[in-house]
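K.L.:
Below: one structure in structure tokens.
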Amino acid sequence: MARAVSGEEDHIVIAGMAVEAPGGVDNLDDFWSALAESRELIGPFPRDREWPLREVFSLHRDEGWGSVPDAGGFLTGATEFDPQFFGITPREAVAMDPQQRVALRVAWRALEHAGINPGALAGDEVGCFMGASFIEYGPRAGEVNEYNGYRAVGTALGAVAGRISHGLGLVGPSITVDTACASSLTAVHQAAAAIRNGECDWALAGGVSVMGSPAAFYEFAKNNALAVDGHLRAYSASATGTLWGEGAGVVVLERESRARELGHRVYARVLATRVNHNGKGAPIAVPSAQAQEALVRKTIDAAGIDPSLVGLVEGHGTGTPVGDPLELTALCKTYGADPERGPRLGSVKTNVGHAQAAAGMLGLIKVLLCGANGHIAPTLHADDPAAAVDWNATGLRLATEFEPWEAHEGVRYAAVSSFGVAGTNAHAILAMPVLEDIDA
């Protein structure tokens with residue numbers, strides 16, 4: 001623990017953040033209120049995206065298909081954008097992947113939250129690492145339509161990060177990361193490494209997910225892996241599947257010495273991040289408890305702390321009957337080894353749905369807000385823990401209520417997990433100093 005809090009190492013820290021979540025949430029105060037008050041931000045499918053909803057809600061009539069509930073974690077402002085503010089023409093804005101638009105405005109807010117003027121960064125060696133996955137948005141690029149000429153960049157996955165760098169004039173590395181549901185935590189991992197390696201002075205890191213089509217619902221309906229009642233019940237015995245969502249989050253990363261010099265608030269030290277893959281064995285989409293356990297152990301070793309110090313684990317927790325038990329097995333062996341003492345476990349997905357490439361970032365920001373406010377926010381639908389583990393033999397406990405979070409020598413420790421459908425796993429351990437006030 002001494003190495004983690006002594007200040008001997010010039011840690012990478014989080015100095016600012018911003019979020020956009022379902023239910024009209026576009027600021028940190030509203031996000032924290034929803035978490036603290038145990039509010040579910042799930043709503044019906046949007047009716048303004050020209051999706052074939054009649055077919056979507058009838059899929060269960062075909063043999064081998066599950067039903068799709070009229071529910072998800074959708075961004076109410078996904079279709080809204082002020083292009084002229086960012087120097088983009090209205091015609092080009094319409095042709096842009098909505099993930100580019102949402103990521104750009106959330107990045108701007110993250111900089112403001114850190115006390116940085118977004119309009120004064122042109123030419124600075126600042127990195128931008130954004131997690132995102134391909135979505136089916138708009139007409140095909142290989143046909144004649146009114147958006148020809150804008151589709152090459154408008155549909156480019158790399159332009160999610162590229163739009164931010166271009167709009168702000170950043171000249172550091174600009175990379176869009178796609179490791180499926182692990183994308184945003186992988187982006188944090190790469191951004192922290194780039195700062196340590198001197199590739200950039202500081203960086204933005206985050207993730208975004210806006211569904212351009214209901215494709216994810218089709219895929220999981222065919223696999224009978226959607227929550228049949230429209231509620232994502234992570235780690236619950238009554239879980240029936242996942243529920244797709246949208247969201248975006250961005251954090252500002254820099255060295256602690258820089259943050260202190262410039263008067264930036266330090267929300268967390270990034271003690272360690274690690275990424276691995278499941279390897280061979282089960283089908284690619286099936287998680288691996290062994291790989292997850294190995295990843296957590298490597299991250300703990302890299303952080304240099306006793307795992308018993310971790311008071312909160314923000315898990316992946318998709319609510320699937322296959323994935324959750326495997327994750328619980330790995331977490332019980334790493335953070336729950338002492339049956340008398342262990343962390344609280346939660347998943348923000350119970351509030352907002354599974355935000356795919358942005359899922360890890362929404363979980364990370366949840367943890368940062370819990371640390372800043374000194375309380376652990378509850379996980380919804382956690383009153384009947386999954387029977388996959390012996391809860392009497394582990395110190396791990398689901399976060400079922402809003403409760404104070406005690407600090408260890410002025411620091412709160414937490415971990416965040418995110419696992420991708422293509423087999424990539426990401427884990428991060430944070431140390432959050434107690435803040436004297438949380439007005440900013």
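The values are calculated or read from the model by the stated rules, or taken from the named source; none is laboratory data. Since the model is a prediction, treat every value here as computed from it, not as a measurement. Positions of Cβ are generated from backbone atoms using ideal geometry, with glycine treated the same way; all protein chains shown enter the neighbour counts. Note: accessible area is taken over every heavy atom of the protein model, side chains too, but ligands, DNA and RNA are not part of it. Shrake-Rupley method; radii C 1.70, N 1.55, O 1.52, S 1.80 Å.
K.L.:
Of ALA387, ALA272, ALA132, which has the largest mean-square fluctuation in a 10 Å C-alpha GNM of the chain?
P.N.:
Top of the fluctuation ranking is ALA387.
K.L.:
Kindly state, as a whole number, the per residue volume in cubic angstrom of the convex hull around the alpha carbon atoms of segment 304-371.
P.N.:
107 Å³
K.L.:
Please work out the average accessible area per residue across the chain, using the 1.4 Å probe convention, and give it in Å².
P.N.:
Using a 1.4 Å probe on heavy atoms only, each residue of the chain averages 39 Å².
K.L.:
OK, next. Using a Cα-Cα cut-off of under 17 Å, which aspartates and glutamates could be cross-linked to LYS298, ignoring same-chain neighbours fewer than 8 residues away?
P.N.:
ASP306, GLU327
K.L.:
For segment 154-221, what is the convex hull volume of the alpha-carbon atoms per residue, in Å³?
P.N.:
Expressed per residue, the convex hull around the Cα atoms of segment 154-221 is 87 Å³.
K.L.:
Once you order the gyration tensor axes a ≥ b ≥ c over the Cα atoms, which shape class does segment 230-377 get: rounded for a/c under 1.5, otherwise prolate or oblate by comparing a/b with b/c?
P.N.:
prolate
K.L.:
With n ≥ 4 as the cut-off for DSSP H runs, can you work out [θ] at 222 nm for the chain, using -39500 (n - 2.57) per run divided by the number of residues, rounded to the nearest 500?
P.N.:
-8500 deg cm²/dmol
K.L.:
Take the alpha carbon atoms of segment 20-98, find their center, do the same for segment 121-143, and report the distance between the two centers in whole angstrom.
P.N.:
Between the Cα centres of segment 20-98 and segment 121-143 lies a distance of 19 Å.
K.L.:
Can you give me the pair-distance distribution of segment 377-440, C-alpha pairs, 5 Å bins, whole percents?
P.N.:
Percent of pairs per bin, in order: 4, 11, 13, 19, 24, 16, 8, 4, 1.
K.L.:
Rounded to the nearest 20 Debye, what is the dipole magnitude of the chain about its Cα centre when Lys and Arg each give +1 and Asp and Glu each give -1 at the C-beta?
P.N.:
760 debye
K.L.:
Now for a separate question. Which distance in Å, rounded to a whole number, links the C-alpha centroids of segment 353-394 and segment 171-221?
P.N.:
21 Å
K.L.:
OK, next. If Rh is defined by the Kirkwood formula over all Cα pairs and Rg also comes from Cα, what ratio Rg/Rh do you get for the chain?
P.N.:
0.95
K.L.:
Roughly how large, in nm² to one decimal, is the mean projection of the convex hull of the alpha-carbon atoms in segment 74-140?
P.N.:
In nm², the orientation-averaged hull projection of segment 74-140 is 5.9.
K.L.:
Can you tell me the Rg and the Dmax, both Å, for the Cα atoms in segment 106-218?
P.N.:
Cα-based Rg and Dmax for segment 106-218 come out at 15.3, 46 Å.
K.L.:
A follow-up question, please. Could you look at the chain and say what percent of its accessible area is carbon and sulfur, using a 1.4 Å probe and all protein chains?
P.N.:
On the way: 8490 of 17050 Å².
Summing carbon and sulfur atoms, their accessible area is 50 percent of the total for the chain.
K.L.:
Which chymotrypsin sites (Phe, Trp or Tyr not before Pro) does segment 348-410 hold that lie in a coil by DSSP with at most 15 other beta carbons within 10 Å? Before the final figure, lay out each step's value.
P.N.:
Working: sites: TRP391, PHE402, TRP405; in loops: PHE402, TRP405.
Passing sites in segment 348-410 are PHE402.
K.L.:
Just the Kirkwood number for segment 236-305, please: inverse of mean 1/r across all distinct Cα pairs, in Å, one decimal. Walk me through the numbers before you get to the answer.
P.N.:
Working: mean 1/r = 0.0618 Å⁻¹.
Here the Kirkwood hydrodynamic radius works out to 16.2 Å.
K.L.:
For segment 1-152, take the alpha-carbon Rg, divide it by the Kirkwood Rh, and send me Rg/Rh.
P.N.:
On the way: Rg = 20.3 Å, Rh = 19.3 Å.
My calculation puts Rg/Rh at 1.05.
K.L.:
How many nm is it between the label spots at ASP62 and GLU146, if each spot is 7 Å from the Cα in line with the beta carbon?
P.N.:
Between ASP62 and GLU146, the label points sit 3.2 nm apart.
K.L.:
Let me ask something additional. Taking N as the number of residues in segment 347-405, what is its Cα Rg relative to 2.2 N^0.38 Å?
P.N.:
1.22
K.L.:
List the lysines whose alpha-carbon lies under 21 Å from that of LYS349, not counting same-chain residues fewer than 8 positions away?
P.N.:
Straight-distance partners of LYS349: LYS366.
K.L.:
Of the beta bridges DSSP finds with both residues in the chain, what % are antiparallel, to the nearest 5?
P.N.:
65 percent
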